[in-house]
Amino acid sequence: MGAADSSGRRGRQGVSVNARAEAGSLAAGIELVHREAMYLDEQRWDEWLALYIEDCEYWMPAWKADGTPTANPQAELSHIYYASRAGLEDRIVRIRSGKSAASTPMPRTAHILGSVLPIEAPAAERLRLRSTWASHVYFPRSHESHAFFGRTEHELVLREGHWRIARKKILLQNDYIPTMLDVYCV
């Protein structure tokens, strides 16, 4: 910020164009992360899928016995892994069909996000964010509620003027899963 004027207000002359652009990118990225949670809670599947690029990666590693998460979704166990948006699209088709036993009747969710922060300084067409989250899930069939929580890393890319998700890595902190776990739970 610039020096204070006679009224004590600070001007913008000290803020670089790059800093303003970075702040705008960061704000747009944080909004996208919150919008993703809202789309999941409202079961707005088409809008949720549209947030992802075609060759995205969606990954929730499992925990090893030594307390570290798995590092390679191709060679080690994962709770959830999709190598592209086609995998996510297939999952949504099964959810919508009513033939997914895990999703019939559809559980209701409420995602709560916190601490959405950059992992590194925003680049012109790339943004990496880290967040914490909790998701409360109500399963109407069993009349049970469960809470899941963890940390997520989103890698966003700028495509046609809009930020989109290129990679999402979800680290589930309470990985004792009493029932089932699906993309809308985390």
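Dipole of the range 24-115, Cα-centred, from +1 at each Lys and Arg C-beta and -1 at each Asp and Glu C-beta, to the nearest 20 debye?
On the way: 9 positive and 13 negative charges, 79 e Å.
Once rounded to the nearest 20, the dipole reads 380 debye.
Out of M60, I177, A86, whose Cα points farthest toward the positive end of the dipole of the range 42-186 (charges: +1 Lys, Arg; -1 Asp, Glu; placed on Cβ)? Sorting the options by dipole projection puts first I177.
Using only Cα atoms, find the angle between the long axis of helix 85-97 and the longest principal axis of the chain, and express it within 0 to 90 degrees, rounded to the nearest 10. Compared with the principal axis, the helix lies near 50 degrees. If the elastic network links every pair of Cα atoms under 10 Å, which of A62, A123, A75 fluctuates the most in the Gaussian network model of the chain? Sorting by GNM fluctuation, first place goes to A75.
Placing +1 on the Cβ of every Lys and Arg and -1 on the Cβ of every Asp and Glu, with nothing else charged, gives the chain a dipole about its Cα centre of roughly 300 debye. Calculate how steeply helix 17-41 sits against the longest principal axis of the alpha-carbon atoms of the chain, using the helix alpha-carbon long axis, and give the answer as 0 to 90 degrees to the nearest 10. Its long axis makes an angle of about 20 degrees. Applying Stokes-Einstein at 25 °C and 0.890 mPa s to the Kirkwood radius of the chain, computed over alpha-carbon pairs, gives a translational diffusion coefficient of 135 µm² s⁻¹. Comparing R141, R128, R164 in a Gaussian network model of the chain, where Cα atoms under 10 Å apart are tied by springs, the biggest mean-square fluctuation is seen for R141.
Coordinate-derived values only; no laboratory data. Bear in mind the structure is a predicted one, so any value in this text is a computation, not a measurement. In this analysis, Cβ positions are derived from the backbone assuming ideal geometry, glycine residues included, and neighbour counts consider all displayed protein chains.
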